[in-house]
1. Any residue in the stretch 304-326 that's of a type outside the set (A, V, I, L, M) and modelled with pLDDT under 80: show its pairings with residues that are crowded, with 19+ Cβ neighbours inside 10 Å and not in a loop (DSSP other than H, G, I, E, B) at Cβ separation under 8 Å, as long as the two are six or more apart or on different chains.
2. Of these, V91, V79, which one is crowded, with 23+ Cβ neighbours inside 10 Å and modelled with pLDDT of 85 or more?
3. In the list L392, L426, which residue meets the criterion of being modelled with pLDDT of 85 or more and within 30 Å of K247 (Cα to Cα)?
4. Test G143 against the criterion of being assigned to a loop (DSSP other than H, G, I, E, B) and in contact with an Asp or Glu (Cβ under 8 Å, 6 or more places away or on another chain), and give yes or no.
5. Find the residue count for the stretch 292-313, including only residues that are surrounded by fewer than 24 Cβ atoms within 10 Å (Cβ to Cβ) and under 15 Å from V160 (Cα atoms).
6. Which helices (runs of 4 or more DSSP H) does the stretch 195-283 wholly contain that include 3 or more residues that are in contact with a Cys (Cβ under 7 Å, 6 or more places away or on another chain)?
7. From S338, S425, which residue is in contact (Cβ under 8 Å) with a residue 24 or more places away in the chain, surrounded by 12 or more Cβ atoms within 10 Å (Cβ to Cβ), over 25 Å from Y78 (Cα atoms) and not charged (D, E, K, R)?
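The values are calculated or read from the model by the stated rules, or taken from the named source; none is laboratory data. Source: prediction; values computed, not measured. A quick note on method: Cβ atoms are made from the backbone with ideal geometry, for glycine too, and the neighbour counts reach across all protein chains shown.
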Amino acid sequence: MSVGSTSAVTKSKAGSKMSLHGLGVICGLTAGVWLGAAEAPTKLVNAGFSPYAISLCMVAGVFTARWTFPTLLKGTSYVFADLREKKHLIVWALLAGALWAVANTLTVFAIRDVGLAVAFPMWNANSLIGLFWGWVLFRELHGASGKNVAKVVLGGVLIVVAAIMLGFSTLHGASTGQHAVRGIAAALGASLMWGTMYVPYRKAYLSGMNPLSFVTAFTVGELGTVFGLTLLLDGGIHSTAFDLLHKPGVLFWLFLGGFVWVIGDLFQQFAAKYLGIGRGIPLSNTNQLWGLAWGALVFGELRGADHEHLLLVIGGSLLMILGALAISTAVASAKEHSSTNEAVARECDRYGLDYNKTIMAQAGEEFGDKSEKRRWWDYAIVAVATLVFVTLGVRAVVPPLDMNLRWVAALGVALVVSLVAGGWSLYRRTRFY
């Protein structure tokens with residue numbers, strides 16, 4: 001198949017490349033806002049439960065929300081038609097979910113041995129691993145100008161450095177414990193798993209799969225693996241996860257964290273589709289800046305910090321903004337788009353896909369006979385999911401924690417504004433394709 005015969009359809013998209021880049025940037029930054037807020041609800045959970053139990057219950061909320069959004073936006077008929085059309089990608093989606101679960105388990109050990117402030121920036125180096133895989137496997141940045149390569153690479157490095165600075169800004173004389181080497185190895189292992197997890201992402205979107213379809217299969221691998229790890233490593237049927245099922249007042253906050261995380265991850269998926277993993281993932285990794293905002297402004301985690309730590313916060317925040325700005329302005333050139341089209345052609349040849357149709361889908365437009373008609377079970381799925389959250393919500397108990405409610409309101413507004421901006425941009429330009 002010759003990439004040169006891209007057809008008039010592909011040429012008609014040439015004028016909208018900039019808009020697709022802008023859309024990817026909006027999705028990546030929106031992902032950062034929501035992924036950064038996802039950990040806030042878990043702070044409201046009482047101590048005494050194992051990290052495996054917390055993770056499993058949070059992923060149960062993820063599973064509930066992830067089936068709800070594709071059903072609302074496209075309907076199960078569309079999602080399953082998309083999966084049937086690209087059956088080979090189902091196993092890749094399941095693999096991505098399993099990699100996420102393994103990485104998340106490694107973070108349990110990293111947090112235990114070196115603490116969250118040290119471990120978080122280490123596993124956020126996954127963006128550099130994703131950048132490497134994108135360049136090696138999918139020819140991302142091939143054909144890019146030296147200026148754009150410098151922007152993407154330097155931007156990614158700045159975000160990682162900023163993450164390290166923000167992480168250490170929360171340390172106030174804390175010790176990393178006796179197992180620092182083991183904890184650091186676990187954090188780096190999580191980074192490797194998460195960075196590699198983006199390979200199935202990019203493979204799916206180069207094949208024209210809709211992110212809403214991909215995450216539907218992804219969450220099955222995710223929940224299944226987390227459940228298996230909980231049974232294997234957390235006491236089997238005696239895990240404290242099963243005790244949480246009898247504590248709906250606590251369970252709601254974990255489900256809420258999963259709900260917030262799903263919205264962020266969906267935007268991350270669209271960012272990876274329209275920008276590639278080399279650009280999209282670093283932008284979504286600005287989540288640490290927002291996570292720090294929730295911790296410091298709402299929960300007072302920097303209360304009593306000295307000038308040295310405050311300088312780390314200011315410097316890290318500025319570096320992260322500069323890194324995001326550098327990546328945001330690295331618009332792909334025609335040569336780089338040609339390299340991407342070659343990667344699409346390889347996927348089409350390998351799996352017998354229609355090249356023109358795949359290019360359309362990969363660029364945010366789609367034609368075909370996949371129905372978006374809602375069935376009765378679509379409404380039932382949404383109703384059941386809503387009932388789960390409402391039932392847990394009315395029985396939720398807010399622990400007596402010191403929280404700044406004004407900042408809760410302000411950051412809540414930021415969440416809503418980013419959701420409206422990102423959702424409307426996706427709908428207006430791609431109808432969620």
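1. Between residues of the stretch 304-326 that are of a type outside the set (A, V, I, L, M) and modelled with pLDDT under 80 and residues that are crowded, with 19+ Cβ neighbours inside 10 Å and not in a loop (DSSP other than H, G, I, E, B), the close pairs are H309/S169.
2. Working: V91 fails: crowded, with 23+ Cβ neighbours inside 10 Å.
Just a single option satisfies the conditions, and that option is V79.
3. Working: L426 fails: within 30 Å of K247 (Cα to Cα).
L392 is the lone residue from the list that is modelled with pLDDT of 85 or more and within 30 Å of K247 (Cα to Cα).
4. Details: assigned to a loop (DSSP other than H, G, I, E, B): yes; in contact with an Asp or Glu (Cβ under 8 Å, 6 or more places away or on another chain): yes.
Judged against the criteria, G143 is a match.
5. Filtering the stretch 292-313 down to residues surrounded by fewer than 24 Cβ atoms within 10 Å (Cβ to Cβ) leaves 293-313.
Applying the additional criterion that residues be under 15 Å from V160 (Cα atoms) yields 312-313.
The number of residues fulfilling the criteria is 2.
6. Numbers: elements: 211-233, 240-244, 248-275.
Those helices (runs of 4 or more DSSP H) span 248-275.
7. Details: S425 fails: over 25 Å from Y78 (Cα atoms).
Residue meeting the stated conditions: S338.
Residue-by-condition table, conditions (1) in contact (Cβ under 8 Å) with a residue 60 or more places away in the chain; (2) over 19 Å from Y201 (Cα atoms); (3) not in a helix (DSSP H, G or I):
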position: I54; (1), (2), (3): yes, yes, no
position: V62; (1), (2), (3): yes, no, no
position: W67; (1), (2), (3): yes, no, no
position: P70; (1), (2), (3): yes, no, no
position: S77; (1), (2), (3): yes, yes, no
position: A81; (1), (2), (3): yes, no, no
position: R84; (1), (2), (3): no, no, no
position: L89; (1), (2), (3): yes, no, no
position: A93; (1), (2), (3): yes, no, no
